[in-house]
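Below is one structure, written out as structure tokens; comments come after it.
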Amino acid sequence: MNAARASFIGQSVERREDYRFLTGAGQYTDDIVLPRQTYGYFLRTPHAHAAIRSVDVSAARAAPGVLAVFTSRDLAGVGGLPCGWLIKSIDGSPMKEPRHPVLAEGKVRYVGEQVALVVAESAAQAKSAAALIGVDYDVLPAVVDTATAAGNGSAVHEIAPDNVCYTWGIGDAAAVDAAFAAAAHITRLSLKNNRLIPNAIEPRAANADYSRADDSYTLYVTSQNPHVERLLMTAFVLGLPEHKVRVIAPDVGGGFGSKIYLYGEETALVWATRRVGRPIKWTAERSESFLTDAHGRDHVTTAELALDKDGRFLALRVNTTANLGAYLSTFGSCIPTILYATLLAGQYATPHIHCRVQAVFTNTAPVDAYRGAGRPEATYLLERTVERAARELGADPAELRRRNFIRSFPYASPVGLTYDTGDYAATLNRVLELADVGGFKARKAASEKRGLLRGIGYSCYIEACGIAPSNIAGALGARAGLFEAGEVRVHPTGKITVFTGSHSHGQGHETTFAQIVADKLGIPIEDVEIQHGDTGRVLFGMGTYGSRSLAVGGTAILKAVDKIVAKGRKIAAHLLEASAEDVEFSQGEFRIAGTDRKKAFAEVALAAYVPHNYPLDQLEPGLNENAFYDPPNFTFPAGSYVCEVEVDPETGRVQVDRFSASDDFGNVINPMIVEGQVHGGLAQGIGQALLEGCRYDSDGQLLTGSLTDYALPRADDLPRFTVETAKGTPCTHNPLGVKGCGEAGAIGSPPAVINAILDALAPLGVRDIDMPATPYQVWQAIQATRR
Amino acid sequence: MPLLPIRLSVNSEPVTAEVSADTLLSTFLREHLRLTGTHIGCDTASCGACTVHVGGRAVKSCNVLVAQLQGEEVTTVEGITPADGSLHPMQAAFRSCHGLQCGFCTPGMVMSAIDLVMHRPHATEEQIRKGLEGNLCRCTGYHNIVKAVQHAARAMGR
């Protein structure tokens, strides 16, 4: 029976987590109500930049139901929220690291920053009482605009009087200058990468509970990485013993980066629960999500591409100003540097690249990783620049890309990465078929008859995923390791519980990881359970971001499975009275090679736990293995996207009519889940291109602070997607051959959309448009050509 | 605030309670009845995660006061779920088509989709997309949700 069993790897197994989500039985943080529950509410500043002269909490303390009110004065001795990555400026000086307080200290630096915590019997009482707190603000001029923040005159932090956190560079500037001097053609482009607000549909929430009985804490929190949350909170901020704090990230309703970070809110709750002696729950209102979840992107960039007379790329020069917001969020410093400029080679063999990044503080919410994190910014500028070069040279944009593709691997890029494998021509060729590029002319003519302008746009992206080799990350400034941990616990009956340090908040790990384990052990998938998200049960974990879960977390599980098999062979050899070298394992059976003498996996498991006939002098009983996996390199997913839009020149309205994607993710465990990840990424990328744009006014007031002002893509804003995962080039350095797929869509799609719009508008003379290309923006761009 | 007596049906069970006049249906379901399948994703009635049925029509429960529902029949995602461990055809289609990822918008999306199919069993893709525009999903890009609704429409029509 076992011999005929199909492999689970590569199958679109239906998701095991779906039953609970579909029936309302998921347990999200806000669903949890603890005995003697109390509720927290944060008073937030309405000013972007102000000195706090005084805070009067007496009326709030006396309000009905109020148990306590805390401000930063109560939190004496509590540390600041740490930044996990040290970036050094070109001159060797470390980045400016201003203190990032749990509750505002002396000054507020962005609208929404938390000033006080009110704890009450009900959420409504806490909120009402917060309105009674009197804060006397001395309002200061706000620094808001990315491009003009440096040397603005008003300083967000005293330690950075010019608002510059660092000025960082990568690449050989002299070689780039020399290549430009010899260029036959130079393409120049200035662009913005629009600031985004992540908007996971589940708002951030936390529920902190102190137990006096054993002097321990439990924190339920919407987190993508509960162990990291615990480590940062205990070791760097609260000074609590790490082993006395249990962090549980239960079902989490989407993250997209925004739930990676250690925030002030949950930290304040953990601090306060012991003082109040009762559990405290806080759930963000959507308005708070808009104001205080770490935002994404927000770059202002100039790019120059030098080409020879044959259209070969000679050099790329990039200058970027990146907005970090008011404070350094957990990974804020590495996003516009390490995760950005190292990707500027893209899929092209450009020999010389230089990038300079100036990172600035402003009176806006902290900016950190949002789906793609640095890589969308790199891809957008590169693919916009390449498409413009093609237009300037009268070249076919696909052909110009093909001419410059990297074709031999491993490839050491001039910006520090070594791509292990890829086949960029394959995904480009395939997407041209999927998109029926040959039929474009006819479709364009048909659109024209309806008064619409049709355009086609391309994008060939690369990303560095499977984050990350700890030693390389460390050399680049990371203050953490970036391995992953896994445990495979075989029960006496042969059933298995797997504990993973990865965290699933939509990615389907409970299914994909079970497929791997069932496949490798040759047992039914029903016999494998995946546990994650609880520091009290999982040995350790770095969490889920950077498309790392399968490549790093999945490999850790696989390594633990290998150890199980290795031990199982020794046990089986004893039971079969053979030598371990003669025992082979496949399809769930340990067998003496070339014979029919065998033991089933469950028999071996039972022997390990009932070790009556067992080599106790050589082997410990039990069957339980841990593994930590630190990847030797990043993985390099890549692909090609084609977008076709129709633009109504009268209204400026853009409709994405067709979107085709060919992605190389290496090996694929569950194609259905992978395609779903691409769909979601595409929606966020198309959202960035057409709809989403965070705006502050010049006083630092958030103008796009609700779902009625900030446009998330809705079902009728998006097309049906044509997504195909290529057979692909397996990753060469992890045993699964996988690369990661979670961010690709968001990375590759924005330039395809904008390139398509510019193609549609080219006959009108429109050469440039910034994201989001709303009807107003497009209409304005059209009008500008008529003046 | 004075408490108002209220009598209604939730998932086919009679419910009597005393509620303050400003109690939202979403709060009542989640906090009074502990039916936490109904989720709250926003404060502007924009996201649809809290969608339930009132009298068989999809309603955003954050936009209704319980006090308005005297004698009404309310159905939540828990109420459409068969007790035998199987799924409503809409739930089943969401699973087979991978129409959900993080699951947070899912109960509201399913309740909206059921209403849509009950009242427009032959909706086109465009009509389905328009019909679901009151429900936000940040994970799926809607592609597989639309597919699931089409599958469920066929299953429910049989």
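The values are calculated or read from the model by the stated rules, or taken from the named source; none is laboratory data. Keep in mind it's a predicted model, so treat the numbers as computed, not measured. Positions of Cβ are backbone-derived with ideal geometry, glycine not excepted, and every protein chain shown enters the neighbour counts.
Laid out as a table, the results:
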| item | result |
| --- | --- |
| Sole residue being at pLDDT 95 or above, part of a helix (DSSP H, G or I), more than 13 Å from chain B (Cβ to nearest Cβ) and touching a Pro at 6+ places or on another chain (Cβ under 7 Å), chosen from A:A689, A:A683 | A:A689 |
| Residues of segment B:65-84 classified as touching a helix residue (DSSP H, G or I) at 6+ places or on another chain (Cβ under 8 Å) and either small (G, A, S) or part of a loop (DSSP other than H, G, I, E, B) (or both), total | 2 |
| Among the residues listed as A:A175, A:A208, A:A182, the single one being hydrophobic (A, V, I, L, M, F, W, C) and touching a Phe, Trp or Tyr at 6+ places or on another chain (Cβ under 8 Å) | A:A208 |
| Residue list for segment A:283-298, restricted to those being of a type outside the set (S, T, Y) and either crowded, with 24+ Cβ neighbours inside 10 Å or at positive phi (or both) | A:F290, A:D293, A:A294, A:H295, A:G296, A:R297, A:D298 |
| Test: residue in segment A:260-271 that is on the phi > 0 side of the Ramachandran plot, touching a Lys or Arg at 6+ places or on another chain (Cβ under 8 Å) and touching a residue at least 60 places away in the same chain (Cβ under 8 Å) | no |
| Breaking point among (1) of a type outside the set (K, R); (2) within 14 Å of chain B (Cβ to nearest Cβ); (3) touching a Phe, Trp or Tyr at 6+ places or on another chain (Cβ under 9 Å), for A:Y220 | (3) |
| Selected residue (only one of A:T500, A:T512 is under 29 Å from A:S258 (Cα atoms), within 14 Å of another protein chain (Cβ to nearest Cβ) and at pLDDT 95 or above) | A:T512 |
| Residues satisfying the stated conditions in segment B:23-51, i.e. crowded, with 22+ Cβ neighbours inside 10 Å and assigned to a strand (DSSP E or B) | B:T51 |
| Members of segment A:11-33 found to be farther than 18 Å from A:A514 by Cβ, assigned to a helix (DSSP H, G or I) and at the interface with chain B (Cβ under 7 Å from one of its Cβ atoms), listed by number | A:L22, A:D31 |
| Those residues of segment B:117-144 which are assigned to a loop (DSSP other than H, G, I, E, B), more than 7 Å from chain A (Cβ to nearest Cβ), farther than 9 Å from A:R714 by Cβ and polar (S, T, N, Q), in sequence order | B:T124 |
| Selection status of A:G728, farther than 23 Å from A:E646 by Cα, modelled with pLDDT under 95 and assigned to a loop (DSSP other than H, G, I, E, B) | yes |
| Test: A:T29 is of a type in the set (S, T, N, Q) and out of contact with any helix residue (DSSP H, G or I) (no Cβ under 8 Å at 6 or more places or on another chain) | yes |
| Top-ranked residue in segment B:10-22 [being farther than 16 Å from B:E78 by Cβ and assigned to a loop (DSSP other than H, G, I, E, B); ranked as nearest to the other protein chains (Cβ to nearest Cβ)] | B:D22 |
| Qualifying residue in segment B:52-59 (condition: out of contact with any helix residue (DSSP H, G or I) (no Cβ under 6 Å at 6 or more places or on another chain), surrounded by 14 or more Cβ atoms within 10 Å (Cβ to Cβ) and over 21 Å from B:D115 (Cβ atoms)) | no |
| Sole residue being in contact with a strand residue (DSSP E or B) (Cβ under 9 Å, 6 or more places away or on another chain) and of a type in the set (A, V, I, L, M, F, W, C), chosen from A:L736, A:L712, A:L707 | A:L736 |
| Of residues in segment A:246-301 being closer than 20 Å to B:T44 by Cβ and of a type in the set (V, I, T), the one nearest to the other protein chains (Cβ to nearest Cβ) | A:T283 |
| Evaluation of A:A661 against (1) assigned to a strand (DSSP E or B); (2) small (G, A, S); (3) within 10 Å of chain B (Cβ to nearest Cβ) (one fails), failing number | (3) |
| Extreme residue, farthest from the other protein chains (Cβ to nearest Cβ), among residues of segment A:161-193 that are surrounded by fewer than 21 Cβ atoms within 10 Å (Cβ to Cβ) and either part of a loop (DSSP other than H, G, I, E, B) or on the phi > 0 side of the Ramachandran plot (or both) | A:A182 |
| Residues that are among the β-branched types (V, I, T) and part of a loop (DSSP other than H, G, I, E, B), drawn from segment A:61-96 | A:V78, A:I87, A:I90 |
| Selection from segment B:96-108 of residues that are in contact (Cβ under 8 Å) with a residue 40 or more places away in the chain and either within 7 Å of chain A (Cβ to nearest Cβ) or basic (K, R) (or both) | B:S96, B:H98, B:L100, B:F104, B:C105, B:P107 |
| Test set (1) polar (S, T, N, Q); (2) crowded, with 23+ Cβ neighbours inside 10 Å; (3) in a strand (DSSP E or B) - A:Q655 fails condition number | (2) |
| Exclusive hit being modelled with pLDDT under 95 and within 13 Å of chain A (Cβ to nearest Cβ), set B:G85, B:G48, B:G41 | B:G85 |
| Selected residue (criterion: surrounded by the fewest Cβ atoms within 10 Å (Cβ to Cβ)) from residues of segment A:376-412 that are hydroxyl-bearing (S, T, Y) and closer than 12 Å to A:L189 by Cβ | A:T385 |
| All positions within segment A:594-618 that are free of Cβ contacts under 8 Å to residues at least 60 places away in the same chain, part of a loop (DSSP other than H, G, I, E, B) and under 21 Å from A:I523 (Cβ atoms) | A:D596, A:R597 |
| Filter result (under 20 Å from the mean Cα position of the chain (by Cα) and among the hydrophobic types (A, V, I, L, M, F, W, C)) within segment A:669-690 | A:I673, A:V674, A:V678, A:L682, A:A683, A:I686, A:A689 |
| Residue in segment A:82-101 that is closer than 30 Å to B:R34 by Cβ and among the basic types (K, R) present | no |
| Residues located in segment A:692-725, provided they are under 30 Å from B:M109 (Cβ atoms), among the acidic types (D, E) and part of a loop (DSSP other than H, G, I, E, B) | A:E692, A:D709 |
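So that you can scan it fast, the table gives a plain yes or no per residue for (1) surrounded by fewer than 24 Cβ atoms within 10 Å (Cβ to Cβ); (2) basic (K, R):
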| residue | (1), (2) |
| --- | --- |
| A:F659 | no, no |
| A:S662 | no, no |
| A:G666 | no, no |
| A:M672 | yes, no |
| A:A683 | no, no |
| A:G687 | no, no |
| A:R695 | yes, yes |
| A:L703 | yes, no |
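So that you can scan it fast, the table gives a plain yes or no per residue for (1) more than 13 Å from chain A (Cβ to nearest Cβ); (2) under 24 Å from A:T511 (Cα atoms):
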position: B:L24; (1), (2): no, no
position: B:V52; (1), (2): no, no
position: B:V59; (1), (2): yes, no
position: B:T75; (1), (2): no, no
position: B:M90; (1), (2): no, yes
position: B:S112; (1), (2): no, no
